[in-house]
Amino acid sequence: MSSLWLVALLLVLFGTVLAAAEASHTRTSRIRALALEEDGRRNAETLVKIESDPPRYLNAVYLSVMFVQNGSAILVAFLAENDFGPEDGSGPWVGVVSFVFTILYFVVVEAMAKTFAVLHTDRVALTLAPIVWFLGRVLELPTRFLIGLANVLLPGKGLK
C-alpha cells in the first residue's frame, strides 16, 4: 500500500502545478504574452498560443484539476481505511484523515501555489506554458464534449 501513498503525493504535487498554472494563466493577457515573446523569453511563443485561445487551455486545466482533486481525495480515504481503520470497519480514521488531507490540500495547493503564482505571474506562466499547452491539446475533445453537454443541459444559447 505504501506505493499508493506515493501516488497520492504525486497527485497533490500535480495539483499544485495545476493550481499555479490556473492562477498565472488567468492573470496573463495576450498583450502581456506578446510582450514577453518580444523580450525573447523562453516558452513565450507557447504562452502566446495559449493566450490566443484561453478557454480551450483553461478548460483543460480545470478538468485536470477535478480529476486530481477528486482522485487524490478518494485515494487518501481508501488508504486511510486500509491502513488505519480497525478490522470491523468502525472508527473515525477515514473522517479524520480526510479532514486533515482537505486542510493540508487547501493550504499547500490552493493557498500557497496560487499565491506564489500571483506574485510571480510571468515566471510561472512561462514555466508552465508547455504543460498547459499539452493539456489543452490532449484534453481538447473531452472538454469540448463536456462543455457541449453542459450547454445542452443549461437553458438558453450557452457558450462556445
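The values are calculated or read from the model by the stated rules, or taken from the named source; none is laboratory data. All values reported here derive from a predicted model rather than from experimental measurement. Note that we place each Cβ from the backbone using ideal geometry, even for glycine, and neighbour counts take in every protein chain shown. The accessibility values were calculated without ligands, DNA or RNA, using every heavy atom of the protein model including side chains. Shrake-Rupley method; radii C 1.70, N 1.55, O 1.52, S 1.80 Å.
Are any of the residues in region 55-78 open to solvent by less than 60 Å² (accessible area, probe 1.4 Å), farther than 17 Å from Trp5 by Cα and of a type in the set (D, E, K, R)? Within region 55-78 (the criterion being open to solvent by less than 60 Å² (accessible area, probe 1.4 Å), farther than 17 Å from Trp5 by Cα and of a type in the set (D, E, K, R)), the answer is yes, since at least one residue qualifies. Only residues that are open to solvent by 30 Å² or more (accessible area, probe 1.4 Å) and in a helix (DSSP H, G or I) were counted across region 119-143, and they come to 13. Please verify whether Leu75 is under 19 Å from the mean Cα position of the chain (by Cα), part of a helix (DSSP H, G or I) and modelled with pLDDT under 95, treating the condition exactly as stated. For Leu75, the condition - under 19 Å from the mean Cα position of the chain (by Cα), part of a helix (DSSP H, G or I) and modelled with pLDDT under 95 - is met.
In this structure, Arg32 does not qualify as open to solvent by 50 Å² or more (accessible area, probe 1.4 Å), at pLDDT below 95, of a type outside the set (A, V, I, L, M, F, W, C) and assigned to a helix (DSSP H, G or I). The single condition from (1) loosely packed, with under 13 Cβ neighbours inside 10 Å; (2) among the acidic types (Asp, Glu); (3) closer than 25 Å to Leu141 by Cβ that Glu51 fails is (1). Scan region 3-15 and tell me whether some residue there is touching a helix residue (DSSP H, G or I) at 6+ places or on another chain (Cβ under 8 Å), open to solvent by 40 Å² or more (accessible area, probe 1.4 Å), within 27 Å of Leu141 (Cβ to Cβ) and touching a residue at least 60 places away in the same chain (Cβ under 8 Å). Looking through region 3-15, at least one residue is touching a helix residue (DSSP H, G or I) at 6+ places or on another chain (Cβ under 8 Å), open to solvent by 40 Å² or more (accessible area, probe 1.4 Å), within 27 Å of Leu141 (Cβ to Cβ) and touching a residue at least 60 places away in the same chain (Cβ under 8 Å).
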